[in-house]
Amino acid sequence: MKHATEDLLKAMTLEEKAALCAGLNMWMTKGVDRLGVPPIHMYDGTNGIRKTNSDEELGITGENMPATCYPTGSAIGSSWDTELLHEVGAALGAEGRQMGVQLLLGPGINMKRTPLGGRNFEYYSEDPCLSGELGAAFVNGLQSQGVGASVKHYACNNQEYEKMITSSEVDERTLREIYLNAFERIVKKANPWTIMCSYNLVNGSYASENEHLLNDILREEWGYEGVVLSDWTAVNDRISGLKAGLDLEMPGPAHYNTKAIVEAVAAGQLEEAQLDKIVRRILELVRKTTDSQDDRGQAAIDYHELARKAASESMVLLKNDNRILPIDAAKVTSVAVIGKFAKQPRIQGAGSAKVTPTCMDIPWEEMKKIAADSIALTYAEGYPQDDREDDLLIQESAALAAKADMAVLFVGQPEYAESEMHDLTGIELPLHQVKLIEAVAAVQPRCVVVTCSGTALAMRPWVQHVPGVLHSWLAGQGSGKAIADILFGRVNPSGKLSETFPVKLSDNPSHMRLRGENGKLYYREGMFVGYRYYDRKELAPQFPFGHGLSYARFAYSNLKAVQHSGQVTVTCSVENTGDVFGKEVVQLYVHDEECKWVRPEKELKAFAKLALEPGEKKEVRFVLEERDFAYYNTKYNKWVAETGYFQLMIGSSSRDIRICERLHCHFGNEEISFHKFSLLSDWLSHPIARAILESCLEEMNAHVSDKIRLDDEFIGFWGDFPAIKIIQMFGQSWLIDRSPDQVMEQLIQKFDRERHA
Ligand code: BGC
C-alpha cells in the first residue's frame, strides 16, 4: 500500500470506513480502490487449506481446491512436537502463498471440555499449556511465510449444540486458567495477525460483542493489537460489537450493518474515534499481508512427505502386551487385515475444516508394500458402510483371522459421527464393530486393533481382550503409510495422548451438565477439565493424558531443580535403554503443596520431545517462570504465585511420574491483605500480622479475666474463627470506648503500614 495508514484514515469517507468493517463476500475483505487499498483473501482451515472454487461460495459440501491434508488438531496435538507444528505451519504458509491465501482460518485451540464436542477433532488438547505451546509454534511457522493466522474460536465454544444461543457460564478463575490460557500463550508468543471470535455467549454476552473478553482481557491486559474477526455470521448487534472491539464482520458485504454504523456515528451512538481504531487495525492487517507478498522463491517442500511424517509423529500406541508390535517377519508369515477403514481410511472430520486432499495413502496398500513376499496379507471387510449389524461379515472375518498368524483390525468412529454442526452421541465404537473385535479376539489371540477417531474413545470391555491397540486419530493424507510403518516397526511410535481416554463417557467431569438448558450451560466442574478432574477424583482413566508407548524404553534420572530470581530451572536426564531408535515426550507437571485455594493435583507446565538412539542419554532443561506457579486469584483479580513448597514432577505420562523433586520457591508478587473477617489462622500465618495481633491481644489480656494464650490448643480450636469475633468474644470488658470493628480497622491499617515500611 502506497499511503500511510493515518493518511488513508483521513482520506476515507465515513461510508468507506463503515464498509471496510465487513467482508466483500465469503472469503475476501473489501478494498478501497480509489485509495489503493487492496482486498485480502482468507480461507479455512485447521489441518489444511480449504480454498473454495469461488469466493462467493461456502463450499462446505463437495470438493474444493486440492491441498495437503495434515493430521487434524487432536492428532497433531498428540505429537507434542513444537518443531513439527512450526514446520507444518510454515508448509501451510508456503502452500497458501502458492494458492493465493493471505490469512488462514486456524489453528483451532478450544479446550476439550467433553469428548462429545463435534469439533474436538479440530482442537489440540484438553490442556492449555499443550494447546498454547503447539498453537504458538504453528502460528509462528505460518506467519514466517507471510500468511496470517486466525486463532479460533475465542472463547468457550466447546460444543456444537445450540452454539448460537447458548451462554457458556464460566467462573473467572476457570476462564483464565483453562479456557483463555492457550489464547493468551499464543497472543504473547506468536502475535497472531487475527483472532476469530466464537458464536456462543460467554457469561451472558455474545463473544462477538463481549467487552470483558475482547476489551478488558484481549486488548487491555494482553495488549493484543491485531484484528478480531467474527466467526461466519457470529455478529448479532454490530454496534455493540464495534464498541467492544470486534473489527471485521464475516462474511460480507453486510450492507445493512454498513448502514447501521453510519447511522450510529451520525446519531452520536458510536464515536467516530472508535470506528477509526477498528479501521486502523484492518488497514494494518491489509498492509501486513500485502507487504509480505514479496518475491521470495517457492520453498521446495515435499508436502505429502511432510503429511506422512506428521501422521507418524501423531499416532499413539496405547497398548502393546507381550510386544505384539511391531510385526516381526521372522515370526509372522500371514496377517488377516480386517475392516473397511484399511481400504477406505478416515483421514479427517467434516465441516469447515475438511480439505480436498492432493492424494491419499491407503493402509492396505502400504502394508502390502512392506509385507511384500515375506508376509501374506488377507482382507475381510468386517463391517458394512452404515454399521448395521451383520453376523455374516463377523463370521467371515473371524474365519479369516483364525487361519492367519495374527490379525490387524481397523475400526473407528463412523464418518457421519464426527462433524462440525453436531456433537457426538457417544464415544463407544458402533456395536457391530465391538462384536467384530470380540469375535476375532476369541479365535486369534495375536490381535491388534487400529482405532481411528478425532476424539477420545471408550474401549471397554474389548480392550481387555486384545494385546495391541494403536490409536491413529484422523491423521490426514499420509496416515495410511504412517500406520503401516508403525505396525511393521519402520517407524517407532512416539505420540502421547493429548486428551484423557476415560473408561466410559459418564466418567467425564462434564457429564452432569452437557448440553445446557434454556440458553445457559454451566461449567460447574470448573477448572477440573480432563486429567485435572481424573487426578482429583482419584478415578483411573482407561488411558491417561500424556500416555503413549514406544518400541524403545526410556530411563529417567538426575532431576535437579533450582530457583534464581523468579525463574525455576529444572533439568533431568533421559536415556534410551531399548534397542531401537525412539522418541520420548518428557512432561513436566507442577503441584502446589501449600496453597489454601483449591488447585489441581498437577498441571502440565512444560514438555520436550527427545530423539534418542539406543544407549543414548540426553539432558533436558526446562525454565519455568513465576506465572507457571500461579493461579488466578479472583480476590485480587491477578495471577498469584505463593511462596512455599512445590513438587516438580517429570513423567512419561500424567499418570507415570518417573521422578519428582520438592522445592521451596520464593515469589515476590503475593498480595496479602486482611479484611474485617480474616481468620485467626490468617493473621498468625504472616510474621508481621502475627506480631501486630499478638501485641493487641496482650493489651486486651491486661483488661480481661479470661485471658487468651495463643497455644496449640487455643489455635487448634479457634484457628478458623475470624480474629474480630475472638476479640468480640473475649474482649468485652476492654471494648469500652471502641468497637471490635474499630480495633480491626486499626490492626489492618497498621499491617499495611508496616508491611510497606
Ligand atoms: C466455522 C469457522 C470457519 C468458518 C468459515 C464457521 O462455521 O465455525 O471455524 O472458519 O465457518 O468456514
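Some points to look at:
- Placing R0 at 51 angstrom, the Cβ-Cβ distance between Gln274 and Met729 gives a FRET efficiency of 0.35 after rounding to 0.05.
- Per-bin percent of Cα-Cα distances, the stretch 650-702 [10 Å]: 18, 30, 19, 19, 11, 4, 0
- Once both labels are positioned 7 Å from their Cα atoms along Cα-to-Cβ, the gap between Ala442 and Lys537 label points is 3.3 nm.
- Applying the Karplus relation 6.51 cos²θ - 1.76 cosθ + 1.60 with θ = phi - 60° to the stretch 267-278 yields 3J(HN,Hα) values of 8, x, 8, 9, 6, 4, 4, 5, 4, 4, 4, 5 Hz, where x marks Gly and Pro.
- Taking every protein chain into account, the accessible area of the chain amounts to 38 square angstrom per residue (probe 1.4 Å).
- When the pairs Lys319/Lys583; Lys163/Lys188; Lys368/Lys583; Lys369/Lys609 are compared against a 20 Å limit on Cα-Cα distance, Lys163/Lys188; Lys368/Lys583; Lys369/Lys609 fall above it.
- Element breakdown for the chain at a 1.4 angstrom probe: carbon and sulfur atoms account for 49% of the accessible area.
- Available extension along the chain between Ile736 and Ala757 is 4.5 nm, counting 0.36 nm per residue and deducting the alpha carbon span.
- Net charge contributed by nearby residues that have their C-beta within less than 15 Å of Gly582 (K/R +1, D/E -1): 0
- Computed over the stretch 1-143, the alpha-carbon pair-distance distribution with 10 angstrom bins reads 11, 33, 29, 20, 7, 0, each value a whole percent.
- Treating each Cα of the stretch 473-583 as an identical point scatterer and summing with the Debye formula, the log10 of I(q)/I(0) at q = 0.17 Å⁻¹ comes to -1.03.
- Inverse mean reciprocal Cα-Cα distance (Kirkwood Rh) of the stretch 113-271, Å: 16.2 Å
- The stretch 133-292: antiparallel DSSP beta bridges as a percent of all, rounded to 5: 15 percent
- Here the calculated FRET efficiency for Lys635 and Leu14, from their Cβ-Cβ distance with R0 = 35 Å, stands at 0.20, rounded to the nearest 0.05.
- Extension gain for Asn518-Asp579 works out to 16.1 nm (0.36 nm per residue, less the C-alpha to C-alpha distance).
- Relative to its residue count, the chain spans a Cα convex hull of 193 Å³ per residue.
- Value of D in µm² per second that Stokes-Einstein yields for the stretch 621-757, Kirkwood Rh from Cα pairs, at 20 °C (1.002 mPa s): 121 µm²/s
- Computed extension gain for Met164 through Glu415, at 0.36 nm per residue and net of the alpha carbon distance, reaches 87.9 nm.
- In nm, spacing of pseudo-spin labels at Leu392 and His675 (7 Å Cα→C-beta vector): 7.2 nm
- Across the stretch 353-439, Cα pairs under 8 Å and at least six residues apart give a relative contact order of 29 percent.
- For the chain, the relative contact order comes to 13 percent (Cα pairs under 8 Å, sequence separation of at least 6).
- Alpha carbon convex hull of the stretch 355-410, projected area averaged over orientations, nm²: 5.3 nm²
- Note on Val598 and Thr61: their simple-model spin labels are 4.6 nm apart, each label 7 Å out from Cα toward Cβ.
- Between amide H atoms placed 1.01 Å from N, distances below 5 Å from Ile659 occur with Ile650, all of them 5 or more places distant or on a separate chain.
- With the cut-off at under 18 Å, measuring from each backbone N in the stretch 580-620 to a point 7 Å along the Cα-to-Cβ line of Ser374 picks out 580-581.
- Backbone N under 20 Å from the Ser144 label point (7 Å along Cα→Cβ), restricted to the stretch 587-622: 607-611
- Debye intensity ratio in log₁₀ form over the Cα atoms of the stretch 557-664, taken at each q of 0.16, 0.17, 0.24 Å⁻¹: -0.72, -0.79, -1.34
- Note on surface exposure: Met729, Met164, Met744 rank Met729, Met164, Met744 by accessible area, highest first, 1.4 Å probe.
- Of all DSSP beta bridges confined to the chain, the antiparallel ones make up roughly 60%.
- Across all directions, the average projected area of the convex hull around the alpha carbons of the stretch 696-757 is 4.7 nm².
- Cα-based values for the stretch 260-391, radius of gyration first and Dmax second, are 26.9, 83 Å.
- Here r is the Cβ-Cβ distance between Cys359 and Glu225 and R0 is 51 Å; the resulting FRET efficiency, rounded to 0.05, is 0.80.
- Counted charge near Lys496, where neighbours are those whose Cβ lies closer than 12 Å (Asp, Glu -1; Lys, Arg +1): -3
The values are calculated or read from the model by the stated rules, or taken from the named source; none is laboratory data. What you see is a predicted model, and the numbers here were worked out from it, not measured in a lab. In this analysis, Cβ positions are derived from the backbone assuming ideal geometry, glycine residues included, and neighbour counts consider all displayed protein chains. Surface areas here come from the heavy atoms of the whole protein model, side chains and all, with no ligands, DNA or RNA. Shrake-Rupley method; radii C 1.70, N 1.55, O 1.52, S 1.80 Å.
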